[in-house]
């Protein structure tokens, strides 16, 4: 968005236009937060003197001038007679004139433009300029905004996104609170609406499909299935007990999954990876029998006992009655004897082998 500028040439036309714009400016209150039209009267070493009409003057300090790196730049960039729009930072008092800003004019206009985009539900491209707790900071026109991690939909880490240009929709635009919240996810979903509809029509429960991991959370991962984000719960990733999906999955990883359930109205699908792998419990009786001496790794502590993993996906229960609970550490290996096996109920009972 460009700032209004009139140069010294065609002085009569400038004066006429200036008078008209000043008249329009007077309809706005000369209070902080408004934009007015003014004419540059003097270019000093570190500020500009501005005529804002009504026998009022204002000053633009060096720090409020865009692209100026030193006092020598001012005389080259600004000349008396130029007419521009200025943002009012501070009202005048007996000891000081109006305090004005040039660089905040575009910001003032951009708030209006972003409010319009919010009202019309339009998409704009923003540039990721940094990361923060829970999301990324973005440059939206001349303003800084925030996209929460929950509103990102891309197979990259937050750090990898810095410098990227991505589409976004505005969720909240509040100039008074300097609050600008956006959603990349909403923009992507809108762009892929037609694609999602076609994908849903071709999906069925039990179908094996390829997808890309686009988001990882503590409760599972989201896998992009041709435009639709399917939920892959933590419990459906592997037959083994996992602490976190990132134990086996990474952003951008291609995976094969099975469709467990489809909600066509809400456009949601539930997925599984482990259903495409052999269930170790179906053949457990081929490898273990009652009375076997086995070694197990402590995988979970319970109220009445603990679980020990005998092999990937096979956990067995041992009570505390013959062990010292305080000495049990997750990950440690212990020798056991198998007391009973109930393969149908997916249950094996152990007793420790005491030295």
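To the nearest ten degrees, helix 193-202 and the longest principal axis of the Cα atoms of the chain are 20 degrees apart.
How much of the DSSP bridge set in region 283-352 is antiparallel, in percent, rounded to the nearest 5? Walk me through the intermediate numbers first.
Details: 21 of 23 bridges.
Just about 90 percent of them are antiparallel.
Each 10 Å bin from zero holds the following percent of Cα-Cα pairs in the chain: 5, 17, 17, 15, 12, 11, 9, 6, 5, 2, 0. In whole angstrom, region 198-276 maps to an equivalent ellipsoid with semi-axes of 20, 12, 11, each derived as √(5λ) from the alpha carbon gyration tensor and ordered largest first. The largest-to-smallest principal axis extents of the Cα set in region 63-124 are 43, 31, 21 Å. With a simple spin-label model that places each label point 7 Å from the Cα along the Cα-to-Cβ direction, the separation between residue 243 and residue 160 comes to 2.3 nm.
What's the angle, to the nearest 10 degrees (0 to 90), between helix 104-119's Cα axis and the longest principal axis of the chain? So the inclination is approximately 50 degrees.
Which of 156, 45 has the fewest other C-beta atoms within 10 Å, and how do the rest follow up to the most?
On the way: 156 15, 45 10.
With the sparsest Cβ surroundings first, the list reads 45, 156.
Taking each residue as 0.36 nm, the span from residue 56 to residue 207 lengthens on full extension beyond its C-alpha to C-alpha distance by 46.9 nm.
Against the 2.2 N^0.38 Å scaling, with N counting residues, where does region 283-352 land? I'd like the Cα-based Rg ratio to two decimal places.
Details: Rg = 11.2 Å, N = 70, 2.2 N^0.38 = 11.1 Å.
Computed over Cα atoms of region 283-352, the ratio equals 1.02.
Model label sites at residue 253 and residue 42, defined 7 Å from Cα along the beta-carbon direction, differ in position by 6.9 nm. Here is the size of region 121-189 from its Cα atoms: Rg then Dmax, 10.8, 34 Å.
Projecting label points 7 angstrom from Cα along Cα→Cβ for residue 196 and residue 179 puts them 2.6 nm apart. Between residue 354 and residue 75, the contour length at 0.36 nm per residue exceeds the Cα-Cα span by 91.4 nm.
Roughly how many Å is it from the Cα centre of region 183-225 to that of region 51-81, as a whole number? Taking the Cα centre of each part, region 183-225 and region 51-81 sit 53 Å apart. Just the Cα atoms of region 24-169, one point each, no solvent: what log10 I(q)/I(0) does Debye give at q = 0.10, 0.16 Å⁻¹? Those come out to -0.49, -0.89, one per q.
Which FRET efficiency value, to the nearest 0.05, do you get for residue 172 and residue 132 by plugging their Cβ-Cβ distance into 1/(1 + (r/R0)^6) with R0 = 22 Å?
That pair, residue 172 with residue 132, gives E of 0.85.
By DSSP, the beta bridges lying fully in the chain are antiparallel in about 95 percent of cases.
Rule-based calculations on the coordinates, nothing more; no lab input. Keep in mind it's a predicted model, so treat the numbers as computed, not measured. Cβ coordinates were reconstructed from backbone atoms using ideal geometry, including for glycine residues, and neighbour counts include every protein chain displayed.
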